[in-house]
Amino acid sequence: MKITPIFALIPTLSVFWCAPALAWWPQGHSIITAAAVESLPADEVPAWFREGRAQIAHSAQDPDVQKNRELAVMNEEEFPQHFFDWELLQGRPLPKSRAEFYKLCQELKVNPSDVGEAPYAIAEATQRLTMIFAEARRWPDNPYIRTKALVQAGILSHYSADIAMPLHVTIHHDGRALPNGKSPRSGIHSKVDSLIEKLEMKPEILAQNQKIAAFPLLLPAIEAQMKDSQTHIDRTYELEAQFPPQQGEWKPTPAVEEFATERARAATGFTASLFLTAWRDSAKIKLPVWLQREK
């Protein structure tokens, strides 16, 4: 049966949408990613993965790099993967798959790209890493498999870190949304994005005393992380006057340092737990009998 894409059936509700360009500046993503790898249990996750920290951290910047307006097709697909505006679901529970999410959006007459698709980007990226890890278990010395695992882990870590930034899980992503749903573009989003870099956080510090555990159920864990981020939205706005200016000198307050460190540690722990989940789940994967990788 041929299914008509719902994008053809739903008008774009641009009054709701002016989504943020970034969550954490590029080096912020790399710092969180390196911290997540540092947090992994050395007695379980393979040494080659932990030693590939630099490659994983490098790849963590790629999803933002690929949001390029000169590449319109890719930009349109990539942009919604970085946020999720809960309010546009009008109190409905998070659907269990992209297909069900698209169906709900059609029912609510909202464009999926306006809502954002971050939870599905995270779940799918985790399962892609799971499959690559399954290959690595069968061919542990294959350099090509190792390389793609490191790149995929970096991509996953970008999306997982995005949702730890509170302004990526709400319509109030750059100032409190106006009555017509538009963003006032107050500039608060970019100020929060800059915190990890401007505070010069260290991966080794963010990794300290992290309690990393695999998730028994993937999507509920992602939903829980997003809901936790939502609880920090009001605090984000309370601190707005203390965030760094666009230009000029800035001295962080203890309150801002505490806020930024807590969010960075949350992103670190969540990302590391996704890595561990992918590794453990990979042991259950049965690869197809026809698959023969390079010797």
**OP:** For Trp24, list long-range residues whose amide hydrogen, built 1.01 Å from N in the peptide plane, is under 5 Å from its own amide hydrogen.
**Re:** Asp193
**OP:** Counting other beta carbons within 10 Å of each Cβ, put Val169, Val110, Val65 in order, fewest first.
**Re:** Val65, Val110, Val169
Original post:
Under a Cβ-Cβ cut-off of 14 Å, what is the net charge of the residues other than Val256 that fall near it, where Lys and Arg count +1 and Asp and Glu count -1?
Top reply: -3
Original post:
Amide H neighbours of Gly116 under 5 Å, counting only residues 5+ apart in sequence or on other chains, H built in-plane at 1.01 Å?
Top reply: Asp85
Original post:
Given H placed 1.01 Å from N in the peptide plane, which residues other than close sequence neighbours of Gly175 have an amide H under 5 Å from its amide H?
Top reply: Ser186, Ile188, His189
Original post:
Which chymotrypsin sites (Phe, Trp or Tyr not before Pro) from the range 122-189 combine a DSSP loop assignment with at most 14 other Cβ atoms within 10 Å?
Top reply: none
Original post:
Hey, in the GNM for the chain with a 10 angstrom Cα cutoff, which one of His189, His29, His232 fluctuates hardest?
Top reply: His232
Original post:
For Ala283 and Arg50, what is the calculated FRET efficiency with R₀ set at 25 Å and r taken between the beta-carbons, to the nearest 0.05?
Top reply: 0.90
Subject >> Gaussian network model of the chain, springs between alpha carbon atoms under 10 Å - residue of Leu156, Leu94, Leu167 with greatest fluctuation >> reply: Leu94
Original post:
Where the centre of each part is set by its Cα atoms, how far does the range 148-202 sit from the range 75-144, in angstrom?
Top reply: 17 Å
**OP:** Enumerate the residues in the range 201-216 having an amide nitrogen under 16 Å from the point lying 7 Å beyond the Cα of Ala42 toward its Cβ.
**Re:** 204-205, 207-210
Original post:
In the range 156-190, which trypsin sites (Lys or Arg not before Pro) are in a loop and have at most 14 other Cβ atoms within 10 Å, using DSSP for the loop call?
Top reply: Arg176, Arg185
Original post:
Which entries in Lys198/Lys227; Lys96/Lys211; Lys103/Lys227; Lys103/Lys148 show an alpha-carbon gap greater than 31 Å?
Top reply: Lys103/Lys148
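Every read-out reported here was derived from the displayed coordinates using simple, explicitly stated rules and does not represent laboratory data. None of the values given here were measured: they were computed from a predicted structure. Neighbour counts are summed over all protein chains in view; Cβ atoms, including those assigned to glycine, are modelled from backbone coordinates with ideal geometry.
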